[in-house]
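Following: one structure in structure tokens, then a few remarks.
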Amino acid sequence: MIERTPILNFVTHAILLSGLVILLLPIFIVLIATTHDLPTVNTVPMPLWPGSHMLENWSAAWTKGDFARALVNSLVVAVGVTVGKITIAALSAFSIVYFRYPGRTVLFWLIFITLMLPLEVRIVPTYAVAADALRPIKALFSLGNIDIGLPEWNLLNSYTGLILPLIATATGTFLYRQFFLTVPEELCESAKMDGAGPLRFFWDILIPLSATNMAALAVIMFVYAWNQFLWPLLVVNKPHMMTATVQLDRIVPGPLFGQPPIWNEAMAATLIVMIPPLIVVIMLQRWFIRGLIQSDK
């Protein structure tokens, strides 16, 4: 039982408020910077009261970053990656937990080990496969000196190339496996007695039970996919396929381009890119919290 005293309540609230200030202070500074012109932003220290150039900076950032198209691209990629990760994770965990076949535990641990291999580590082979998706099949047949004449399947500059290499998730598979292990076996036995097959048991029973877990995973994966920078930067070189994070980088040219950064417009562009995932987190925060702490079925 947690003891409730005025002193403990004061200390607890003080810690929470301190953490809130530390988290919100950078966002507040960015927001204030979007309301000033460039000379004022470059002033040291920068004024911490709002200026009168907010609409001007936001309009310039929106136009220079071509965010009308970039935000759509990021939304398509984030939704595609989220749906793909949830689908593959749920099916993989369902197979590992409810099907009895040799090596399923080994397969799970092989999937789990990939947590130690982030995209940055496997970026070169992943890019090679994206440049020609049929390359692994060609390499397999080339071991026997067999040429089957497969054409080149290039995934660069496409939604498929942006989404497909990112949809496998060891984290999601692990979370779903742990959840499925807590589902009473009587449910599975009852479904068998009622004549339900594996897919019907999965769709009608497991999916509704895991709705909160699915929402929590969706929030994490959406933010992860939205914030992807390195992979879109490599896969896409056509302006109409650029994502918001890549466009954000191009708004800050830096000294290599011989131009000083226009920080007020860059800060406005930063807030533009932050808004969509922030909306998703706010809309799904109840489900996100319930999915992380729920223990009953």
At R0 = 30 Å, FRET efficiency that the Cβ-Cβ distance of Tyr127 and Ala196 yields, to 0.05: 0.10
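Just in region 1-88: which trypsin sites (Lys or Arg not before Pro) are loop by DSSP and have at most 16 other Cβ atoms within 10 Å?
Arg4
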Dipole of the chain, positive direction: furthest Cα of Leu199, Pro165, Met116, with charges on the beta-carbon: Leu199
Residue among Val281, Asn42, Thr87 farthest towards the positive dipole end of the chain, charges placed on Cβ: Thr87
Taking the chain and dividing mean pair separation by its residue count, relative contact order in percent (alpha carbons under 8 Å, at least six apart): 30
Region 148-230: GluC sites (Glu not before Pro) falling in loop per DSSP and having at most 16 other Cβ within 10 Å: Glu152
Among Ala14, Trp62, Ala225 the positive-end extreme of the charge dipole of the chain (Cβ point charges): Ala225
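Please compute the Kirkwood hydrodynamic radius of the chain from all pairs of different C-alpha atoms, in Å with one decimal. Don't skip to the answer; put the middle values down first.
On the way: mean 1/r = 0.0435 Å⁻¹.
Evaluated over the chain, this radius sits at 23.0 Å.
Just so you know, all these numbers are worked out from the coordinates, no wet-lab data involved. Worth saying up front: this structure is predicted, and the values here are computed from it rather than measured. Ideal geometry is used to build each Cβ from the backbone, glycine not excepted, and the neighbour counts take in all protein chains shown.
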